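Before any comments, here is the structure.
Every number in this text was worked out from the coordinates using simple rules, so none of it is lab data. Keep in mind the model is a prediction, meaning the values are calculated, not measured. Here the Cβ positions follow ideal geometry from the backbone for every residue, glycine too, while neighbour counts run over all protein chains shown.
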Amino acid sequence: DHWYPSDIQKRAQVDEYLSWHHMANCTLLSPFSPQVLIPLFTGQPLPSEKLQEVMEGLSTSLKQFEERFLQDKAFIIGSEISLADLVAIVELMQPVGVGCDIFEDRPRLMEWRRRVEDAVGKELFFQAHEMILSVKELRWPQPLNNCLPKVLS
């Protein structure tokens, strides 16, 4: 019941986060695209000023996440882990995979991450994030210019 609670108020909190997540998704994923996907398709790194803009957007989204959803709770909807926490952690681990440790200077976010890891089990947590955490080490064909028109269409 804790994943998607039958209690209507708790379920509404999960749904509220999922809706926000859908709208904030572009900002939360933003370091992943410029540091991995754009160079993969174009063969060129993102200009540093554009990357700085992306990182500022990420910082704003993380602040909103902490203030609106985490607050002083153990998990997004209270004392138990939910689907909202799973969706959030998967998204927040993507910047970590490209070397952007978003948890480092955010103790509340770091503690929440540790609670999520503990709730699902550290082994399963890292198994689920294994590929994203090693994305910089993967061998990608460079560049994938022949795929770019298909991606853009």
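So what's the net charge close to residue 16: Lys and Arg +1, Asp and Glu -1, counting the other residues with Cβ under 15 Å from its Cβ? Please list the in-between numbers first.
Numbers: positive: 10, 11, 68, 73; negative: 7, 15, 67, 85.
After counting each charged neighbour, the total is 0.
Sorted from fewest to most neighbouring beta carbons within 10 Å, what does the list 82, 134 look like?
Working: 82 24, 134 10.
Least crowded to most crowded, the residues run 134, 82.
Give me the distance in nm between label points sitting 7 Å out from Cα along the Cα-to-Cβ direction at residue 22 and residue 90, one decimal.
In this crude label model, residue 22 to residue 90 measures out at 1.5 nm.
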